[in-house]
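Quick notes on the structure that follows.
The values are calculated or read from the model by the stated rules, or taken from the named source; none is laboratory data. Quick caveat, the model's predicted, so the values are computed rather than measured. Cβ coordinates were reconstructed from backbone atoms using ideal geometry, including for glycine residues, and neighbour counts include every protein chain displayed. Ligands, DNA and RNA are stripped out before the accessible areas are found, and what is left, the full protein with its side chains, is counted by its heavy atoms. Shrake-Rupley method; radii C 1.70, N 1.55, O 1.52, S 1.80 Å.
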Amino acid sequence: MYAIDLHCDTMSKLVEQGRATLLRENDLNVDIGKLQAGNFAAQFFALFVDMAKIENPLEHCLRMVDRFHLELAANHEAIRLATNHAKLLKNQAETKISAFLTIEEGGVLKGDLANLRNFHRLGVRLLTLTWNYPNELGFPNALPECRGKGLTEFGREVVAEMNRLGMLVDVYHLSDQGFYDVAETSSQPFVASHSNARAITGHARNLTDEMIRRLAEKGGVTGLTFARAFLADPPRSHVEDIVRHAKHIRQVGGIDVIAIGSDFDGTKPPLEVSDSSEIGKLIDGLSAAGFSSSEIEKICYGNVLRLIREVLG
């Protein structure tokens, strides 16, 4: 069974650790060998920018884009850029992993739509509108005082332009009101790239049942995340906790709204699914919990494939 993961921070870790750490093989959660062992059709690679630590976020993000393309060029025999549905299928037919490029922090745009278009030209196909700080687009759910604040006017312009360009809008980290503003503004399905159910675990970045239903109505998906704080905050991230969230989300929003968004290399160990090569543990857990093979295929692959076809073209 193929798998697609909507979110990992591996590329950002590679930049942080320098040239000694490579995508081909490393001691992180994700590398090419691990993706191959897990039968991944595609991995979404996030370029994460911490606005509080980076003096020039746009420049820093562009350096990470360069590292991403250098890694793909060095490993062209195994992994290739994908920007749409046709390219993913072509890579898959040629037994290559597809790499989708994403940005986690809309502040890198510096309030200018031209920067969004230029990132699109460089291959970026998903933007997480905020991280943990307010920016020109909107407000984060990390700050309680921001949860009732929605998209700014520029944020609405960004969503509309992403719809026009064929980019996935990611509401993870966004304020609760911002979520509903995206649902109202976007003409296309959108995603919560790595978010579980707030009714099961009351983390502010998990989705409420109302959000899950609205996301499903829009044709979007939420990526089940393996981060233990979003599962039940146990000492270890367990498959049974991921499955518990999957069952609840299926009950509330249906099977078509569930995907995988591991947050590999952005979440702290220990993890029962310790890296990309062990995704079979989640598949086995879903099967043992009564999910059918067709439902598991949708969670692991089919739902994101549909979204890529509908939004990216």
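Observations on the structure shown:
- Residues of region 1-48 classified as assigned to a loop (DSSP other than H, G, I, E, B) and touching a Ser or Thr at 6+ places or on another chain (Cβ under 9 Å), total: 10
- Test for Lys34: is it closer than 21 Å to Ser274 by Cβ and open to solvent by 20 Å² or more (accessible area, probe 1.4 Å): yes
- Top-ranked residue in region 288-313 [being open to solvent by less than 20 Å² (accessible area, probe 1.4 Å) and more than 18 Å from the chain's Cα centre (by Cα); ranked as farthest from Leu88 (Cα to Cα)]: Phe291
- Residue pairs whose Cβ atoms lie under 6 Å apart, separated by 6 or more positions or on different chains, with the first residue in region 130-141 and open to solvent by less than 50 Å² (accessible area, probe 1.4 Å) and the second hydrophobic (A, V, I, L, M, F, W, C) and assigned to a loop (DSSP other than H, G, I, E, B), are Asn132/Ala142; Leu137/Leu129; Gly138/Leu129; Gly138/Leu151; Asn141/Ala204.
- All conditions but one from (1) within 18 Å of the chain's Cα centre (by Cα); (2) of a type in the set (Gly, Ala, Ser); (3) under 20 Å from Thr10 (Cα atoms) apply to Ala246; the one that does not is (3).
- Selection from region 256-271 of residues that are open to solvent by 10 Å² or more (accessible area, probe 1.4 Å), within 26 Å of Arg236 (Cα to Cα) and in contact (Cβ under 8 Å) with a residue 40 or more places away in the chain: Asp263, Asp265, Gly266, Thr267, Lys268, Leu271
- In the condition set (1) under 24 Å from Gln17 (Cβ atoms); (2) in contact (Cβ under 8 Å) with a residue 40 or more places away in the chain; (3) of a type in the set (D, E, K, R); (4) crowded, with 16+ Cβ neighbours inside 10 Å, Arg63 is compliant with all but (4).
- The listed residue being open to solvent by 10 Å² or more (accessible area, probe 1.4 Å) and at pLDDT 95 or above, out of Pro235, Pro189: Pro189
- Checking the stated criteria, Glu25 turns out to be at pLDDT 95 or above and of a type in the set (Asp, Glu).
- The residue of region 10-33 that is farthest from the chain's Cα centre (by Cα), among those that are small (Gly, Ala, Ser) and closer than 21 Å to Lys53 by Cα, is Gly18.
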